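The values are calculated or read from the model by the stated rules, or taken from the named source; none is laboratory data. Nothing here was measured: the structure is a model prediction, and the numbers come from that model. We place every Cβ from the backbone using ideal geometry, glycine too, and count neighbours over all the protein chains shown. Side chains are part of the model used for accessible areas, which takes the heavy atoms of the whole protein and leaves out ligands, DNA and RNA. Shrake-Rupley method; radii C 1.70, N 1.55, O 1.52, S 1.80 Å.
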Amino acid sequence: MKMDGKTVLVTGSTDGVGRYVAAKLAAAGARVLIHGRDRERARTLADEIKRQGHSEPIFYQADLSSLAAARQLAETVLAEHKRLDVFISNAGIGSRTLGTERRTSADGHELRFAVNYLSGFLLAHLLFPLLKASAPSRIVNVASLGQHPLDFDDVMLTKGYTGARAYAQSKLAQIMFTVDLARELEGSGVTVNALHPATYMNTTMVREGGITPISTVEQGGDAILHLATGDDVAGKSGLFFNGMQQSQANPQAYDEAARKRLRALSLELTGLSA
Ligand SMILES: NC(=O)c1ccc[n+]([C@@H]2O[C@H](COP(=O)([O-])OP(=O)(O)OC[C@H]3O[C@@H](n4cnc5c(N)ncnc54)[C@H](OP(=O)(O)O)[C@@H]3O)[C@@H](O)[C@H]2O)c1
């Protein structure tokens, strides 16, 4: 895909792999909407992009642990832009971000489920009219190989919480949503795919988890860029990639009944069912 004249939103682009992806897309000529919580980190990225002679990205500040903030972000983007060619849902927290205790979001939902999955679910739905108006357009959900099946009797993990499980169920939820949404969007010209970018990239999330990085941000970033812009994936939808390769996700992603339960729950929690 040629990026000249295209508009791309990358959530979680103030740091880590999202920052790399945003800079690359700006270098390719896209108008890049960057997002995160930290205005100062956003400013250093904008300066870096400008210094390299590319158009200045536009920063949107939103804490995605609040559904109201996610909704506000979508509304602002809808109000300020006439097109959105690619939406990269990348913002996320790791298994040990903010410690090992179970935490909840502003809306009272388990925090990793809320930030890593639910906010992206809401954003994709709210941004859909703009994506459709810009078709062919793409949604890329940055998930992981770390996947744990959801227990629909305790999605908020009130019992037996571990950060690893919370992270992994949020990542599988993103993939289940990808498979589900692809069906819903058939014929709209909007495709949606998910991926594991790379294993233990050298990012804040990995370092704060006490893990020694084994991949580079460039490796994972190039896999995200492949799904966002690659000609070979044009028209493909509902797929999970491990890096550059199409792959299989946890079996729950292909369980229609489980996806239906997740969709019903997500519509209810985000208020979209109303
Ligand atoms: N690192 C890996 O090896 C790896 C492997 C598989 C998948 N992934 C996935 O890749 C994505 C990016 O991860 P990363 O490794 O690049 O992490 P990172 O360096 O920690 O960056 C995370 C980004 O998400 C934003 N973010 C975090 N919490 C947020 C919140 N509540 N509201 C809004 N923005 C928030 C951060 O913004 P602030 O600047 O405001 O903190 C930052 O821009 C995640 O979805 C992660 O699950 C990573």
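Distance distribution P(r), segment 75-217, all Cα-Cα pairs, bin width 10 angstrom from 0: 11, 39, 32, 17, 1 percent. Using just the C-alpha positions of the chain as equal point scatterers, what log10 of I(q)/I(0) does the Debye formula give at each q in 0.13, 0.15, 0.17 1/Å? Taken in order of the listed q values, log10 I(q)/I(0) reads -0.79, -1.09, -1.47.
The string of couplings for segment 142-158 from the Karplus curve (6.51, -1.76, 1.60, θ = phi - 60°) is 7, 9, 6, 6, x, 9, 10, x, 7, 9, 5, 7, 7, 5, 7, 6, 6 Hz, one whole number per residue in order, with x for Gly and Pro.
Computed from backbone phi, the HN-Hα couplings of segment 101-117 come to 7, 5, 10, 10, 7, 4, 9, x, 8, 3, 4, 5, 4, 5, 6, 7, 10 Hz, rounded to whole numbers (Karplus: 6.51 cos²θ - 1.76 cosθ + 1.60, θ = phi - 60°; Gly and Pro given as x). One Cα centroid belongs to segment 219-274, the other to segment 4-59; the line between them spans 23 Å. Given a cut-off of under 8 Å on Cα pairs at least six residues apart, what relative contact order in percent is computed for segment 129-184? Relative contact order comes out at 42 percent.
Compared with the direct C-alpha span, the chain from Glu186 to Gln72 gains 38.3 nm at full extension, assuming 0.36 nm per residue.
Taking every alpha-carbon pair under 8 Å whose residues sit at least 6 apart, segment 55-123 reaches a relative contact order of 43 percent.
Where a Cα-Cα gap under 26 Å defines reach, which lysines qualify for Lys6, not counting those fewer than 8 residues away within the same chain? Straight-line reach from Lys6, under 26 Å: Lys24, Lys50, Lys82, Lys132, Lys236. Across segment 11-19, rounded Karplus estimates of 3J(HN,Hα) from the backbone phi angles (6.51 cos²θ - 1.76 cosθ + 1.60, θ = phi - 60°) give 6, x, 10, 7, 7, x, 6, x, 5 Hz, Gly and Pro being marked x. Annotation note: chymotrypsin sites (Phe, Trp or Tyr not before Pro) in segment 175-249 located in DSSP loop regions with a Cβ neighbour count of at most 16 within 10 Å are Tyr200. Taking the DSSP bridge list for the chain and keeping only pairs wholly inside it, about 15 percent are antiparallel. When you restrict to C-alpha pairs under 8 Å that are six or more residues apart and normalise by the size of segment 124-274, the relative contact order lands at 26 percent.
For segment 19-158, taking Cα atoms only, Rg and Dmax work out to 16.1, 52 Å respectively. Computing FRET efficiency as 1/(1 + (r/R0)^6) for Asp47 and Asp107, where r is the C-beta to C-beta distance and R0 is 25 Å, gives about 0.15. Accessible area per residue for the chain, computed on protein heavy atoms with a 1.4 Å probe, is 43 Å².
Computing FRET efficiency as 1/(1 + (r/R0)^6) for Lys236 and Glu40, where r is the C-beta to C-beta distance and R0 is 45 Å, gives about 0.75.
For Ile139, the residues 5 or more places off, or on other chains, whose built amide H falls under 5 Å of its own are Phe87, Thr191, Val192, Asn193.
At a 10 angstrom cut-off on C-beta neighbours, averaged per residue, how do the peptides 158-170, 256-268 rank from highest to lowest?
158-170, 256-268
In plain terms, if you count all Cα to Cα distances in segment 101-165 and split them into 5 Å steps from zero, the share in each step is 4, 14, 22, 20, 15, 11, 8, 4, 1 percent. Taking the 1.4 Å solvent-accessible surface of the chain as the whole, the part contributed by carbon and sulfur is 48%.
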